[in-house]
Each structure stands twice: as C-alpha cells, then as structure tokens.
C-alpha cells in the first residue's frame, strides 16, 4: 500500500539542520504515527512522503516555507518583567508557554534579559530553518472510519486521547 490521504503512516525519522547533528528523532522501535493528509507533520515532509510504501527510505530537505515558516520579526517582542511571576528567574533559551486571549497556549522562547525588560520570540524555534530528514517508512495502512472522523491515528489498542 502506498502513502496517500487517509492512510495511517508509521515512520522512523531523524532531523538535522544541515550539519548532520541530529536535533530530533523517533525512538527506536517506536515510529512516529500520523494520519496522512491531516497536516500533522510539516507540509514539505508530508508531500515528500506521498506515494512511498513500507520499507522505503528517503532523505527529504524541507525549506522554511514548507516547514515551520519563515522567521517573522514581528514575533520578537519586548515585555516587562512584571508579566512574569515575581520569583521567576528568566534565562535566555527558556522555552515557556503563556495563555492567549482565548485561553489557548502560546509558546515562546526567552531570547534576552535586559534588566526590567525581557525579549521573547513567539516564532517556532525551527522557523526560518531548512530541515533535513532521514526517513524510513515502517508501515502504511488504511485509516479506520473512526480515525478519519477524529482526524488522527489511534494506537494499536484503538481510541486513546
């Protein structure tokens, strides 16, 4: 069976940024499983996997526009230290989550601490980066009706969220 919209796909992957240093990878014997066509992985990778079958291996290069997007300078903002709890000790590189206006999670990274001001970056940490994936397709199967209705793959024991 070939990867196409509506198939559940299991892949082993490793990701680097062009220097060969792996920054993310699936766990051994635990492939990443997703429902193809539902936008659960970056668009450039999803389109590159279309038509592959179990056992296929592929190296995929995903430019920023097809990955996590370009870095948007508007996402870098200076906020008052008072926006954080009084006992919080901010450090550059900290990845945190704030609550948006509607209660949604808003992830950000602290870039600099400037006295009473903290420079935060709302961009995804991989925004603006070209992504290099090494992929092995472990399995491909037709999604169940329930998986299609829910818009995601379920584990071997069925519905789990």
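The values are calculated or read from the model by the stated rules, or taken from the named source; none is laboratory data. What you see is a predicted model; the values in this text were computed from it and never measured. We place every Cβ from the backbone using ideal geometry, glycine too, and count neighbours over all the protein chains shown.
Here are the numbers for this structure:
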| read-out | value |
| --- | --- |
| Which listed residue, of 112, 95, is without any contact (Cβ under 8 Å) to a residue 24 or more places away in the chain and more than 30 Å from residue 2 (Cβ to Cβ) | 112 |
| Residues (touching a helix residue (DSSP H, G or I) at 6+ places or on another chain (Cβ under 9 Å) and free of Cβ contacts under 8 Å to residues at least 60 places away in the same chain) located in the stretch 9-36 | 36 |
| Selected residue (criterion: farthest from the chain's Cα centre (by Cα)) from residues of the stretch 58-71 that are over 14 Å from residue 17 (Cα atoms) and not in a loop (DSSP other than H, G, I, E, B) | 58 |
| Unique match (being surrounded by fewer than 17 Cβ atoms within 10 Å (Cβ to Cβ) and touching a helix residue (DSSP H, G or I) at 6+ places or on another chain (Cβ under 7 Å)) among 39, 51, 55, 6 | 6 |
| Filter result for the condition that a residue is more than 12 Å from the chain's Cα centre (by Cα) and either at pLDDT 95 or above or within 20 Å of residue 147 (Cα to Cα) (or both), over 22, 42 | 22 |
| Residue within the stretch 90-109 that is part of a strand (DSSP E or B) and surrounded by 16 or more Cβ atoms within 10 Å (Cβ to Cβ) present | yes |
| The stretch 37-57, residues that are closer than 12 Å to residue 139 by Cβ and either in a loop (DSSP other than H, G, I, E, B) or outside the structural domain of residue 136 (by TED's automatic domain parsing) (or both) | 52, 54, 55, 56 |
| Verdict on residue 140 being at pLDDT 90 or above, surrounded by 11 or more Cβ atoms within 10 Å (Cβ to Cβ) and in the same structural domain as residue 16 (by TED's automatic domain parsing) | yes |
